[in-house]
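The values are calculated or read from the model by the stated rules, or taken from the named source; none is laboratory data. Only a predicted model underlies this, so the values are computations on that prediction, with no experimental measurement involved. Here Cβ is always computed from backbone atoms with ideal geometry, including for glycine, and neighbour counts include all displayed protein chains.
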Amino acid sequence: MNNRQSKILEVIATQQRIEVTDLAKRMDVSPVTIRKDLDQLERRGLIHREHGFAYIENGVSDGTQLAYNYDLKCRIAKAAAANVEENETVMIGCGSCCAILAEELAHTKKDITIITNSVFIASYINQAPYGKIILLGGYYQRNSQVLVGPIAHTNSQMFSPNKFFISATGFSEMFGFTEDDYLIAETTHELTKQAQQVVMLFDSDKFSNNGVVKVASLEDINVMYTDDRIPPEKEAYLCHNNILIYKVPASKAI
């Protein structure tokens, strides 16, 4: 994705819906150029188009959340992917940053095996050149496109992945990492028991959020990838609880 497309994505994510001609004026390019950019963004599932408008749908699925802080999520995902070796078997939970990680792995690691309970992620990387995909079964949540519940738990017990990458919507020193959806939180928590190492992908803005259900306790997490805007007191607290933290720049280098 080039710099103009990143700016286009940022504008649409802020506006949620914008006229294509207005977008072309803001980017100071022709309507033909802006349409080519939008075509590429739409093919990647980042935006939608309708009757001269570009927009992002409201919702809780990974697809609807991809456009928000996309560049930052890419930096976090690429940093995490750099510590995945060829021939590894990894489990990836739901979440837009997790989806970008799966995409990065499926384009750069020739012999990677990805286990996931996210139908969206399995579909999102389906055309990628590399990666074997194992999709766990379970109850299908239509709104989130995630497989949850006892069947997902049982199926996960067949595997012992090297790493399990997860995300969350909030953090609390009392409860740990939190989520708004009970079934997603409960399923993710169960899946953490199968991995040798649990890795949290978590941009710093989420430290101001409080989810309602615990996804993972601090003792469940081995490593976190975040950005350098993490509040110092939160970083100190996590380090005190033996979580290894890797930080990426919060802003793109000029």
What number of residues within the range 168-226 are among the basic types (K, R) and more than 17 Å from the chain's Cα centre (by Cα)? 2
Take the conditions touching a helix residue (DSSP H, G or I) at 6+ places or on another chain (Cβ under 7 Å), farther than 18 Å from I245 by Cβ and surrounded by 19 or more Cβ atoms within 10 Å (Cβ to Cβ) and apply them to T187. Does it pass? yes
Hey, D37 farther than 30 Å from L244 by Cα, in contact with a helix residue (DSSP H, G or I) (Cβ under 9 Å, 6 or more places away or on another chain) and of a type in the set (D, E) or not: yes
If we only count helices (runs of 4 or more DSSP H) wholly inside the range 140-254, which ones have 2 or more residues that are β-branched (V, I, T) and in contact (Cβ under 8 Å) with a residue 60 or more places away in the chain? 182-191
In this structure, is N143 closer than 20 Å to I76 by Cα and assigned by TED's automatic domain parsing to the domain that holds E88? no
